[in-house]
Amino acid sequence: MVKMIRSFWFFALCVICGPVLAHAQFLGFTSPQTVGPITCINAAIAPTTSSATPGAASFIPNLGQSVHYLTWLTLGNITFSIQLDGGFNNSTWFRISETGTVRGSGAIWANVYYPFIRCNLTVASGGGSISATYTGTSVTAGPPAGIFNSSGIFTKDLARSAMANANALYSTSLPTGSSGGTIYIVNSGGFSAGGALTLKAGIDSSHLASVNVFEISSGTAQQVLPVSPIAAAYAELSYTAPAGQAANTYDLAYSFSLNSSTSTASTILLAPAGVSMFLCAANGVVSLSGAGNTQIIPAVAGLTIRVCHLSLSFVSMVDFELHSGTGVNCATGDTAITGTYQDVLTFAPPFTSLSPLTVGTGLALCANLGTAVTGGGLVIYAQF
(Lines give C-alpha, C1' and ligand atoms only; values in the text may rest on other atoms or scores of the structure.)
Protein backbone atom coordinates (compact mmCIF):
# COMPACT_ATOMS: atom_id res chain seq x y z
CA MET A 1 0.00 0.00 0.00
CA VAL A 2 2.80 2.40 0.97
CA LYS A 3 4.56 1.54 -2.27
CA MET A 4 1.43 2.40 -4.30
CA ILE A 5 1.04 5.74 -2.49
CA ARG A 6 4.71 6.66 -3.23
CA SER A 7 4.24 5.75 -6.89
CA PHE A 8 1.13 7.94 -7.10
CA TRP A 9 2.85 10.98 -5.65
CA PHE A 10 5.87 10.51 -7.92
CA PHE A 11 3.57 10.39 -10.96
CA ALA A 12 1.68 13.47 -9.75
CA LEU A 13 4.93 15.37 -9.23
CA CYS A 14 6.05 14.58 -12.79
CA VAL A 15 2.72 15.76 -14.21
CA ILE A 16 2.83 19.05 -12.29
CA CYS A 17 6.51 19.91 -12.72
CA GLY A 18 7.09 18.43 -16.16
CA PRO A 19 5.88 21.44 -18.19
CA VAL A 20 7.81 23.83 -15.96
CA LEU A 21 11.02 21.91 -16.43
CA ALA A 22 10.45 21.73 -20.18
CA HIS A 23 9.80 25.50 -20.32
CA ALA A 24 13.06 26.20 -18.54
CA GLN A 25 14.92 24.48 -21.39
CA PHE A 26 13.63 26.93 -24.09
CA LEU A 27 16.64 28.65 -25.62
CA GLY A 28 14.89 31.11 -27.93
CA PHE A 29 15.40 31.46 -31.69
CA THR A 30 18.84 30.17 -32.52
CA SER A 31 18.70 30.43 -36.32
CA PRO A 32 19.79 33.67 -38.07
CA GLN A 33 16.98 36.20 -38.36
CA THR A 34 16.79 38.05 -41.69
CA VAL A 35 14.63 41.06 -42.51
CA GLY A 36 13.90 42.37 -45.98
CA PRO A 37 14.35 43.41 -48.59
CA ILE A 38 12.07 46.30 -47.60
CA THR A 39 11.58 49.41 -49.74
CA CYS A 40 12.07 51.92 -46.95
CA ILE A 41 12.27 55.04 -49.19
CA ASN A 42 10.10 54.99 -52.30
CA ALA A 43 10.68 57.50 -55.13
CA ALA A 44 11.22 60.34 -52.63
CA ILE A 45 11.79 63.89 -53.86
CA ALA A 46 12.01 65.52 -50.40
CA PRO A 47 13.54 64.57 -47.02
CA THR A 48 11.68 61.69 -45.38
CA THR A 49 12.14 58.65 -43.12
CA SER A 50 10.84 55.11 -43.19
CA SER A 51 7.65 54.53 -41.21
CA ALA A 52 7.66 54.00 -37.44
CA THR A 53 4.22 52.34 -37.61
CA PRO A 54 4.25 48.52 -37.43
CA GLY A 55 2.59 47.01 -40.46
CA ALA A 56 3.33 49.96 -42.74
CA ALA A 57 5.03 49.07 -46.02
CA SER A 58 8.28 50.85 -45.11
CA PHE A 59 8.37 49.80 -41.43
CA ILE A 60 11.52 47.86 -40.45
CA PRO A 61 10.67 45.16 -37.87
CA ASN A 62 13.11 44.11 -35.17
CA LEU A 63 13.91 40.38 -35.27
CA GLY A 64 17.27 40.77 -33.58
CA GLN A 65 19.20 41.91 -36.64
CA SER A 66 22.49 43.62 -35.91
CA VAL A 67 23.89 43.93 -39.45
CA HIS A 68 22.07 46.46 -41.62
CA TYR A 69 22.38 47.12 -45.36
CA LEU A 70 20.94 50.02 -47.32
CA THR A 71 21.14 50.30 -51.10
CA TRP A 72 19.65 53.02 -53.26
CA LEU A 73 18.97 54.07 -56.83
CA THR A 74 18.44 57.66 -57.99
CA LEU A 75 16.82 59.20 -61.04
CA GLY A 76 17.62 62.68 -62.36
CA ASN A 77 20.00 65.22 -60.82
CA ILE A 78 18.88 64.89 -57.22
CA THR A 79 21.20 66.13 -54.46
CA PHE A 80 20.69 63.97 -51.40
CA SER A 81 22.06 62.51 -48.19
CA ILE A 82 20.78 59.22 -46.80
CA GLN A 83 21.73 57.23 -43.70
CA LEU A 84 20.70 54.46 -41.31
CA ASP A 85 19.51 55.47 -37.82
CA GLY A 86 19.13 53.37 -34.69
CA GLY A 87 17.22 54.14 -31.51
CA PHE A 88 16.01 52.79 -28.19
CA ASN A 89 12.53 54.12 -28.94
CA ASN A 90 10.62 55.69 -31.81
CA SER A 91 11.47 59.26 -30.86
CA THR A 92 15.24 59.47 -30.23
CA TRP A 93 17.52 58.40 -33.06
CA PHE A 94 21.28 58.08 -33.65
CA ARG A 95 23.09 57.85 -36.98
CA ILE A 96 24.74 54.41 -37.13
CA SER A 97 26.13 54.38 -40.68
CA GLU A 98 28.09 56.49 -43.12
CA THR A 99 26.04 58.95 -45.17
CA GLY A 100 25.29 58.15 -48.80
CA THR A 101 25.47 61.04 -51.25
CA VAL A 102 26.43 59.72 -54.71
CA ARG A 103 23.93 59.68 -57.55
CA GLY A 104 23.11 56.53 -59.45
CA SER A 105 23.41 53.42 -57.30
CA GLY A 106 25.13 53.15 -53.94
CA ALA A 107 25.23 51.35 -50.62
CA ILE A 108 25.99 51.85 -46.93
CA TRP A 109 25.97 49.45 -44.00
CA ALA A 110 26.16 49.31 -40.21
CA ASN A 111 27.07 46.62 -37.69
CA VAL A 112 25.31 47.42 -34.39
CA TYR A 113 22.14 46.42 -32.54
CA TYR A 114 19.31 48.83 -31.71
CA PRO A 115 15.68 47.94 -30.93
CA PHE A 116 14.50 50.36 -33.63
CA ILE A 117 16.01 50.93 -37.10
CA ARG A 118 15.00 53.41 -39.79
CA CYS A 119 16.13 54.74 -43.17
CA ASN A 120 16.59 58.52 -43.03
CA LEU A 121 16.73 60.72 -46.14
CA THR A 122 18.00 63.93 -44.57
CA VAL A 123 18.56 65.93 -47.77
CA ALA A 124 16.74 65.81 -51.13
CA SER A 125 16.65 68.67 -53.60
CA GLY A 126 17.39 69.72 -57.15
CA GLY A 127 14.97 67.45 -59.00
CA GLY A 128 14.90 63.73 -59.54
CA SER A 129 14.06 61.05 -56.96
CA ILE A 130 15.59 58.33 -54.81
CA SER A 131 14.40 54.87 -53.76
CA ALA A 132 16.18 52.85 -51.06
CA THR A 133 15.96 49.23 -49.87
CA TYR A 134 16.81 47.85 -46.42
CA THR A 135 18.01 44.34 -45.59
CA GLY A 136 19.14 43.16 -42.15
CA THR A 137 20.46 40.00 -40.54
CA SER A 138 21.74 38.73 -37.20
CA VAL A 139 24.66 36.93 -38.82
CA THR A 140 28.10 38.37 -38.01
CA ALA A 141 29.24 40.59 -40.86
CA GLY A 142 32.25 39.60 -42.91
CA PRO A 143 34.51 41.93 -44.92
CA PRO A 144 32.51 44.25 -47.22
CA ALA A 145 32.51 43.27 -50.86
CA GLY A 146 31.18 44.53 -54.17
CA ILE A 147 29.33 47.82 -53.94
CA PHE A 148 29.85 47.91 -50.16
CA ASN A 149 33.59 48.44 -50.69
CA SER A 150 32.69 52.07 -51.50
CA SER A 151 30.42 52.50 -48.45
CA GLY A 152 33.06 54.14 -46.26
CA ILE A 153 35.00 51.12 -44.99
CA PHE A 154 37.76 50.86 -47.59
CA THR A 155 36.74 53.61 -50.01
CA LYS A 156 34.18 56.41 -49.82
CA ASP A 157 32.56 57.64 -53.02
CA LEU A 158 32.31 61.38 -52.41
CA ALA A 159 30.85 62.49 -55.73
CA ARG A 160 29.57 60.97 -58.92
CA SER A 161 28.67 63.16 -61.91
CA ALA A 162 29.16 66.34 -59.83
CA MET A 163 29.18 69.65 -61.69
CA ALA A 164 32.78 70.69 -62.34
CA ASN A 165 31.97 74.42 -62.66
CA ALA A 166 30.56 74.70 -59.10
CA ASN A 167 32.42 74.74 -55.79
CA ALA A 168 31.50 71.89 -53.43
CA LEU A 169 32.22 70.59 -49.92
CA TYR A 170 32.32 66.87 -49.06
CA SER A 171 32.70 65.17 -45.69
CA THR A 172 33.45 61.67 -44.43
CA SER A 173 34.39 59.80 -41.30
CA LEU A 174 37.84 58.16 -41.28
CA PRO A 175 37.43 54.47 -40.42
CA THR A 176 41.16 53.85 -39.94
CA GLY A 177 41.68 56.73 -37.50
CA SER A 178 43.98 58.44 -39.97
CA SER A 179 43.62 60.78 -42.93
CA GLY A 180 46.19 58.73 -44.85
CA GLY A 181 45.09 57.31 -48.17
CA THR A 182 44.53 58.38 -51.75
CA ILE A 183 42.04 60.70 -53.44
CA TYR A 184 40.95 59.93 -57.00
CA ILE A 185 39.31 62.53 -59.23
CA VAL A 186 38.48 62.26 -62.92
CA ASN A 187 36.55 64.40 -65.40
CA SER A 188 35.94 62.67 -68.72
CA GLY A 189 35.10 66.05 -70.26
CA GLY A 190 38.30 67.62 -68.97
CA PHE A 191 39.28 70.06 -66.22
CA SER A 192 40.54 73.56 -66.91
CA ALA A 193 43.69 74.71 -65.11
CA GLY A 194 43.52 76.39 -61.71
CA GLY A 195 41.15 74.18 -59.71
CA ALA A 196 42.01 72.82 -56.28
CA LEU A 197 41.07 70.24 -53.66
CA THR A 198 41.64 71.18 -50.02
CA LEU A 199 41.58 68.48 -47.35
CA LYS A 200 41.12 69.17 -43.63
CA ALA A 201 40.85 66.57 -40.88
CA GLY A 202 40.24 66.40 -37.16
CA ILE A 203 38.06 64.91 -34.44
CA ASP A 204 34.89 66.53 -35.82
CA SER A 205 33.70 69.38 -38.04
CA SER A 206 34.51 71.98 -35.37
CA HIS A 207 38.13 70.88 -34.87
CA LEU A 208 39.93 70.65 -38.19
CA ALA A 209 43.54 71.01 -39.28
CA SER A 210 44.74 71.54 -42.83
CA VAL A 211 46.23 68.36 -44.30
CA ASN A 212 46.75 68.86 -48.04
CA VAL A 213 46.00 71.28 -50.85
CA PHE A 214 46.06 69.69 -54.30
CA GLU A 215 46.15 71.65 -57.54
CA ILE A 216 43.89 69.92 -60.08
CA SER A 217 45.68 69.37 -63.37
CA SER A 218 43.98 70.25 -66.61
CA GLY A 219 42.86 67.48 -68.92
CA THR A 220 40.84 64.27 -68.80
CA ALA A 221 43.29 61.87 -67.12
CA GLN A 222 42.39 60.45 -63.71
CA GLN A 223 44.36 62.23 -61.00
CA VAL A 224 45.75 60.19 -58.11
CA LEU A 225 46.46 62.35 -55.06
CA PRO A 226 48.27 60.84 -52.03
CA VAL A 227 46.95 62.17 -48.72
CA SER A 228 49.28 62.92 -45.80
CA PRO A 229 48.41 60.98 -42.62
CA ILE A 230 47.37 62.64 -39.37
CA ALA A 231 45.40 61.00 -36.58
CA ALA A 232 41.77 62.01 -37.16
CA ALA A 233 38.21 60.70 -37.13
CA TYR A 234 36.59 63.08 -39.62
CA ALA A 235 37.59 64.86 -42.83
CA GLU A 236 36.25 67.56 -45.12
CA LEU A 237 37.31 67.95 -48.74
CA SER A 238 36.48 71.18 -50.55
CA TYR A 239 36.50 71.43 -54.32
CA THR A 240 37.34 74.82 -55.85
CA ALA A 241 36.23 75.00 -59.48
CA PRO A 242 38.75 76.29 -62.04
CA ALA A 243 38.03 79.69 -63.53
CA GLY A 244 36.21 79.27 -66.82
CA GLN A 245 35.51 75.58 -66.19
CA ALA A 246 33.04 73.98 -68.60
CA ALA A 247 29.74 72.67 -67.22
CA ASN A 248 30.81 69.02 -67.37
CA THR A 249 31.00 66.52 -64.50
CA TYR A 250 33.54 64.70 -62.35
CA ASP A 251 33.74 61.66 -60.05
CA LEU A 252 35.55 61.84 -56.71
CA ALA A 253 36.55 59.04 -54.31
CA TYR A 254 38.66 58.73 -51.15
CA SER A 255 40.46 55.43 -50.54
CA PHE A 256 41.60 54.91 -46.94
CA SER A 257 44.97 53.37 -46.14
CA LEU A 258 45.01 50.65 -43.48
CA ASN A 259 48.75 51.13 -42.85
CA SER A 260 49.07 54.90 -42.57
CA SER A 261 51.71 56.36 -40.30
CA THR A 262 50.36 59.11 -38.08
CA SER A 263 53.67 60.47 -36.84
CA THR A 264 52.51 64.07 -37.22
CA ALA A 265 49.59 63.56 -34.84
CA SER A 266 51.52 64.55 -31.70
CA THR A 267 52.55 67.81 -33.34
CA ILE A 268 48.95 68.61 -34.17
CA LEU A 269 47.71 67.76 -30.68
CA LEU A 270 50.46 69.75 -28.92
CA ALA A 271 49.71 73.04 -30.66
CA PRO A 272 49.28 75.80 -28.04
CA ALA A 273 45.71 76.67 -27.09
CA GLY A 274 44.20 79.17 -29.51
CA VAL A 275 46.88 78.58 -32.17
CA SER A 276 45.81 77.14 -35.52
CA MET A 277 48.10 74.23 -36.35
CA PHE A 278 48.26 72.71 -39.83
CA LEU A 279 50.42 70.49 -41.95
CA CYS A 280 52.48 72.03 -44.74
CA ALA A 281 52.46 69.17 -47.23
CA ALA A 282 53.09 71.01 -50.53
CA ASN A 283 56.59 71.82 -51.71
CA GLY A 284 58.30 73.29 -54.72
CA VAL A 285 61.75 73.78 -56.21
CA VAL A 286 62.79 77.45 -56.47
CA SER A 287 64.98 78.51 -59.39
CA LEU A 288 65.99 82.18 -59.74
CA SER A 289 68.20 84.07 -62.17
CA GLY A 290 66.68 87.26 -63.56
CA ALA A 291 66.29 90.65 -61.91
CA GLY A 292 62.78 91.54 -60.72
CA ASN A 293 59.95 89.16 -59.87
CA THR A 294 59.87 85.36 -60.33
CA GLN A 295 56.80 83.41 -59.21
CA ILE A 296 57.59 80.67 -56.69
CA ILE A 297 54.05 79.67 -55.57
CA PRO A 298 51.10 80.09 -57.96
CA ALA A 299 47.81 81.67 -56.92
CA VAL A 300 44.61 79.63 -56.49
CA ALA A 301 41.36 81.56 -56.43
CA GLY A 302 39.88 81.74 -52.94
CA LEU A 303 42.89 80.12 -51.23
CA THR A 304 45.61 81.63 -49.03
CA ILE A 305 49.29 80.67 -49.22
CA ARG A 306 50.98 79.86 -45.90
CA VAL A 307 54.75 79.38 -46.14
CA CYS A 308 56.26 77.09 -43.48
CA HIS A 309 59.77 76.94 -44.90
CA LEU A 310 61.83 78.83 -47.47
CA SER A 311 65.56 78.30 -48.01
CA LEU A 312 67.61 79.93 -50.78
CA SER A 313 71.24 80.47 -51.72
CA PHE A 314 72.89 82.57 -54.42
CA VAL A 315 76.21 82.50 -56.28
CA SER A 316 76.86 86.09 -55.26
CA MET A 317 75.29 88.64 -52.93
CA VAL A 318 72.00 90.17 -54.02
CA ASP A 319 69.23 92.35 -52.58
CA PHE A 320 66.14 90.21 -52.02
CA GLU A 321 62.42 90.75 -51.31
CA LEU A 322 59.21 88.70 -51.31
CA HIS A 323 56.25 90.05 -53.28
CA SER A 324 52.61 89.08 -53.83
CA GLY A 325 50.23 89.73 -56.71
CA THR A 326 48.40 88.09 -59.59
CA GLY A 327 49.12 87.59 -63.26
CA VAL A 328 52.49 86.67 -64.69
CA ASN A 329 55.16 86.93 -61.97
CA CYS A 330 52.84 88.96 -59.71
CA ALA A 331 52.72 91.81 -62.24
CA THR A 332 49.15 92.78 -61.29
CA GLY A 333 48.88 94.33 -57.85
CA ASP A 334 52.59 93.79 -57.25
CA THR A 335 53.19 94.40 -53.52
CA ALA A 336 56.29 93.88 -51.38
CA ILE A 337 55.37 91.80 -48.31
CA THR A 338 58.86 91.98 -46.79
CA GLY A 339 61.48 94.67 -46.53
CA THR A 340 64.67 94.48 -48.58
CA TYR A 341 67.17 91.88 -47.39
CA GLN A 342 70.48 93.36 -48.55
CA ASP A 343 73.56 91.53 -49.76
CA VAL A 344 72.00 88.09 -49.31
CA LEU A 345 73.99 84.91 -50.00
CA THR A 346 71.67 82.54 -48.10
CA PHE A 347 68.08 83.09 -47.01
CA ALA A 348 66.27 80.85 -44.47
CA PRO A 349 63.78 82.77 -42.31
CA PRO A 350 62.24 80.91 -39.32
CA PHE A 351 58.83 80.24 -40.85
CA THR A 352 56.86 77.29 -39.34
CA SER A 353 53.25 76.12 -39.33
CA LEU A 354 52.92 77.92 -35.97
CA SER A 355 54.33 81.13 -37.43
CA PRO A 356 53.94 80.98 -41.21
CA LEU A 357 54.40 83.74 -43.76
CA THR A 358 50.84 84.39 -44.97
CA VAL A 359 50.06 85.72 -48.43
CA GLY A 360 46.74 87.37 -49.25
CA THR A 361 43.82 85.24 -50.46
CA GLY A 362 43.94 84.48 -54.17
CA LEU A 363 47.47 85.89 -54.58
CA ALA A 364 50.71 84.31 -55.78
CA LEU A 365 54.08 84.54 -54.04
CA CYS A 366 57.09 85.88 -55.96
CA ALA A 367 60.79 86.37 -55.22
CA ASN A 368 62.25 89.73 -56.22
CA LEU A 369 65.97 90.12 -57.00
CA GLY A 370 67.66 93.50 -57.17
CA THR A 371 70.03 92.27 -59.89
CA ALA A 372 70.32 89.21 -62.13
CA VAL A 373 71.92 86.50 -59.99
CA THR A 374 71.61 82.72 -60.17
CA GLY A 375 70.14 81.08 -57.10
CA GLY A 376 67.65 78.53 -55.89
CA GLY A 377 66.28 76.46 -53.05
CA LEU A 378 63.12 74.93 -51.61
CA VAL A 379 59.72 76.21 -50.47
CA ILE A 380 57.30 74.19 -48.28
CA TYR A 381 53.78 75.51 -47.87
CA ALA A 382 50.08 74.96 -47.41
CA GLN A 383 47.33 76.61 -49.43
CA PHE A 384 43.78 76.65 -48.09
Checklist outcome for this item: If we take the range 63-142, then strands (runs of 3 or more DSSP E) inside it with 2 or more residues that are at negative phi and small (Gly, Ala, Ser) are 79-87, 105-111, 116-125, 129-137
Item to check | Any hit, the range 181-198, residues being among the aliphatic types (A, V, I, L, M) and closer than 22 Å to Arg95 by Cα | outcome: no
Checklist entry - Do we find that Thr92 is free of Cβ contacts under 8 Å to residues at least 12 places away in the same chain, out of contact with any Lys or Arg (no Cβ under 6 Å at 6 or more places or on another chain) and of a type outside the set (Lys, Arg) in this structure? => result yes
Item to check | Residue list for the range 326-369, restricted to those being touching a Cys at 6+ places or on another chain (Cβ under 7 Å) and free of Cβ contacts under 8 Å to residues at least 60 places away in the same chain | outcome: Asn329, Cys330, Phe351, Thr352
Checklist entry - From the list Gly333, Gly360, which one is under 37 Å from the mean Cα position of the chain (by Cα), of a type outside the set (Phe, Trp, Tyr) and assigned to a strand (DSSP E or B)? => result Gly333
Item to check | strands (runs of 3 or more DSSP E) wholly inside the range 167-248 that include at least 3 residues being among the small types (Gly, Ala, Ser) | outcome: 168-173, 195-204
Item to check | Qualifying residues in the range 183-208 (those that are within 21 Å of Thr249 (Cβ to Cβ) and of a type in the set (Ser, Thr, Tyr)) - the one surrounded by the most Cβ atoms within 10 Å (Cβ to Cβ) | outcome: Thr198
Checklist entry - Restricted to the range 143-157, and to residues that are closer than 30 Å to Pro242 by Cα and assigned to a loop (DSSP other than H, G, I, E, B), which residue is modelled with the highest pLDDT? => result Phe154
Next on the checklist: Looking at (1) modelled with pLDDT under 85; (2) in contact with a Ser or Thr (Cβ under 7 Å, 6 or more places away or on another chain); (3) in a strand (DSSP E or B), which one does Arg160 not meet, given that it meets all the others?
Outcome noted: (2)
Next on the checklist: Between Val286, Val307, Val315, which is assigned to a strand (DSSP E or B) and surrounded by fewer than 14 Cβ atoms within 10 Å (Cβ to Cβ)?
Outcome noted: Val315
Item to check | In the range 345-376, the residues that are more than 20 Å from Ser210 (Cβ to Cβ) and either crowded, with 20+ Cβ neighbours inside 10 Å or in contact with a Pro (Cβ under 6 Å, 6 or more places away or on another chain) (or both) | outcome: Cys366, Ala367, Asn368, Leu369, Gly375
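The values are calculated or read from the model by the stated rules, or taken from the named source; none is laboratory data. Predicted model, so just to flag it, every value in this text is computed and none were measured. As a convention, Cβ positions derive from the backbone with ideal geometry for all residues, glycine included, and neighbour counts pool all protein chains shown.
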